[in-house]
Every structure is written in C-alpha cells, then in structure tokens.
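Just so it is clear, none of the values below were taken in a lab; they were calculated from the coordinates. Note that the structure is a prediction, hence the values are computed from the model and not measured. Glycine gets a Cβ as well: all are built from the backbone with ideal geometry, and neighbour counts include every protein chain shown.
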C-alpha cells in the first residue's frame, strides 16, 4: 500500500497596515546644517513617513493554528503560503485559488479544500486528513431474543470496549462497535471478549464479528 502524501497547503491573505509617524527635524542647532546621512527636512517642519507592515487577521491566525494542531495529531504537515507575499503571476496560475472569495483556504493532497474561517472545525479538518486508527476496532452483529431492549442496551453500555450501538431491522438486531487499545490487541482477544462478555448476556442468541486488518478514520481523534 503506497504511503499517502501527508502535506497540505494553507493559503492565507495578510493585510498591509500603514504606519504614519512623526519624524522631527534633526538640523544642527548651531550651524543649521543637517548631519550627513540624515533625512532632509525643511527647517522646523515635520517629516512624515509611511511604512507598510503585513499582518494576519486574528480569525485567519486562529484557523491556521487550529489546522496545524489537528495536522500534528494526525501525522500531517501544513505548508503555509501568504498570497500577499508571492508574485502576481504565481497567484494567477494557482488553480486551487480560482473562485476563492475568502481566506484562509486549506488544500488537501487530493485537491479537496476548506474555504473561510467558519469551515475550520474539527470535523471538516479531519475529513481532509484521514488518519490511521491507533486502536483496534471491531464490529459485532447480534441476534437477540425478543424482550426488554432497554435492559440489553444498558448491559452493553456498561462494557468499556463498547463504543457504539446501532439497532437494526433484518437478520441481525444490533450492530456493536468495539474498540480496544492497540497494545496487546489481537483478533483472538476481540473474539474472546465477544464470546465471553457479550455472549454471556442471556438475551444474546448469536453473534458475528468483523475485525478489520487496517482502519482509517475521518472522524476527529484524540
């Protein structure tokens, strides 16, 4: 299985702040001359200068920090590009930015993108950065004897390994999602748990368990 690309590109757009400041005359009081290298002034007149400073809005900076935090947890790297600092031609030929109205814009290795700060949620960031599960997940179908489903649900919910319950119609009655710490987890351990703990519930008549060989999730993970 080929190793997927792990780098995303985050395009931000900084703004230029104009800082206007007062520069007093520095003419020599005795000779009335200006020292070599000093800015020319008109006697006692004030000299005004303008200096451009690029800055990133707090909203964009917050979105960028959020994306980098999620990327670090999921094994990805984010390259940040400030379009205000790159050449005009480079901006025009950047296919990923066609039609973009708001920044920041995060581009996944597969070309998916998030646009605008309101899109930078844990859920949307996780979608762009699929991650290998750090635990062993398994799925068990249950056939149960008709009766008190609330009691069966309560018993299953007390088991720490049970993460989700889905009640079905058809051949199977319940789908149970199990999760085990990766250390020491094995297919046998999963099946031992199913046969000993879940089958131990009197109302459970039959089970069928699937243990994946490899799992990737787009849900947020810790």
Fewest-first ordering of 186, 131 by Cβ atoms within 10 Å yields 186, 131
With just the Cα atoms defining each centre, how far is the range 151-177 from the range 185-222? Give it in Å.
11
Can you bin every Cα-Cα distance in the range 132-217 into 5 Å intervals starting at zero and give me the percent of pairs per bin, rounded to whole numbers?
3, 14, 28, 26, 16, 9, 4, 1
Going by C-beta contacts inside 10 Å, put 193, 103 in order with the fewest on the left.
193, 103
